[in-house]
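Derivation of every value follows stated rules applied to the coordinates shown; laboratory data play no part. Since this is a predicted model, take the numbers as computed values, not measurements.
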Amino acid sequence: MKKPGLTFYKSAAVVLTLIFVGLQISSPDIENPPVTSEISVPAEVKQILERACYDCHSNEVKVEWFDKIAPASFLVAHDVKEGRSRFNFSEWDKNPPSVQELLLWEMVNAIEQEKMPLKLYQVAHTGGKVSASELAVLKQYVNKLPGRHKIDTARIVAKNASHQQIAPSKTPVALNGIPYSADYKNWKIISITDKFDGGSMRVVYGNDMMVKAIKDHQLPFPDGARVVKVVWGKQAEDKDGNVLPGNFQNAQFMIKDSKKYSKTEGWGFARFDGLDLKPAGKTVLFEQTCTNCHRMFAPQSDFVFNIPTK
């Protein structure tokens with residue numbers, strides 16, 4: 001077989017050069033919109049966030065010279081767009097206080113699990129890595145957030161009993177139409193988690209379809225799968241050292257319907273807060289906040305947290 005000649009290699013080099021130049025011409029620019037509401041945190045926390053998070057999650061992105069060279073520039077532009085859509089430290093007041101705390105807790109979890117900052121980002125930006133001592137600073141801060149110490153009453157048992165007897169006309173309904181239902185109490189438990197950084201304990205229930213899909217390692221989950229996460233507040237220990245759930249905080253619903261909820265990754269989200277099971281959110285856009293958080297931290301498991309590992 002005849003080997004390619006010099007002409008072939010020259011032609012290939014010309015083609016590759018033209019492609020490279022074309023990519024540079026079409027390379028996207030990364031713009032920084034105005035900062036509308038800077039996150040307010042202690043200086044030592046802010047310093048860590050600015051160095052490790054702001055290049056994707058703010059309107060103060062610092063683009064290095066090598067970030068501007070295609071094809072890397074396309075990846076950087078994509079990561080910045082995705083990061084800002086999930087949460088933006090420069091537009092922090094767009095999130096209500098409870099969501100701000102949730103995002104900070106989840107952010108610290110992601111750093112501890114080495115999901116964030118992204119591995120590829122750290123390779124190119126060696127200063128973006130969060131050290132163990134810096135992680136400790138972040139943990140100390142989120143552990144002091146007021147949402148960790150939800151106020152509740154000792155009426156939880158009586159209230160839970162009354163919820164099971166609510167008439168259909170009085171059943172709490174989320175703004176996107178998802179109603180509260182106590183049926184999940186008859187489902188199987190698929191996960192139990194401790195969230196010490198947020199001061200809460202969670203029990204995750206799945207309906208029969210969800211349980212079967214988990215056993216079969218079926219991803220994405222099928223339409224009709226349902227998950228309910230029940231959250232209790234600050235944990236307590238009895239005299240024997242057993243960890244007990246504290247005060248009831250909320251029940252979080254996820255319903256899979258890929259067509260009906262196509263704008264929120266195929267899942268319908270709802271949350272019912274407090275002993276009165278008040279639906280969360282002031283407008284139907286609350287579900288976008290839920291979706292953004294699940295996009296950020298659970299894309300590999302069809303956007304579901306806390307499912308059992310294989």
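For A270, which sequence-distant residues (separation of 5 or more, or a different chain) have an amide H within less than 5 Å of its own amide H, given hydrogens modelled in the peptide plane?
Excluding prolines and chain starts, which carry no amide H, the hits are F253.
Run the numbers for D93 and H78: contour at 0.36 nm per residue of separation, minus the present Cα-Cα distance, in nm. Write out the running numbers ahead of the final one.
Details: separation 15, 0.36 × 15 = 5.40 nm, distance 2.36 nm.
Full extension of this stretch gives 3.0 nm more.
For S262 and K212 in one chain, what is 0.36 nm times their gap in residues minus the Cα-Cα distance, to one decimal in nm? Don't skip to the answer; put the middle values down first.
Numbers: separation 50, 0.36 × 50 = 18.00 nm, distance 2.28 nm.
That pair, S262 and K212, stretches by 15.7 nm at full extension.
Pairs K119/K282; K94/K185; K119/K139; K119/K212; K115/K259: which are spaced more than 25 Å apart, C-alpha to C-alpha?
Details: K119/K282 37 Å; K94/K185 34 Å; K119/K139 21 Å; K119/K212 33 Å; K115/K259 30 Å.
With Cα atoms farther than 25 Å apart: K119/K282; K94/K185; K119/K212; K115/K259.
Please list 3J(HN,Hα) in residue order for segment 171-184, calculated via the Karplus relation 6.51 cos²θ - 1.76 cosθ + 1.60 where θ = phi - 60°; whole Hz, with x for glycine and proline.
4, x, 10, 5, 5, 8, x, 7, x, 6, 8, 8, 4, 4
Through the Karplus equation 6.51 cos²θ - 1.76 cosθ + 1.60, θ set to phi - 60°, convert the phi angles of segment 217-227 into ³J(HN,Hα) values in whole Hz; use x for Gly and Pro.
Listing the rounded values in order: 6, 8, 10, x, 5, x, 4, x, 5, 9, 9 Hz.
Give me the extension gain from V63 to A136: residue separation times 0.36 nm, minus the current Cα-Cα distance, reported in nm with one decimal. Before the final figure, lay out the partial values.
On the way: separation 73, 0.36 × 73 = 26.28 nm, distance 2.79 nm.
Full extension of this stretch gives 23.5 nm more.
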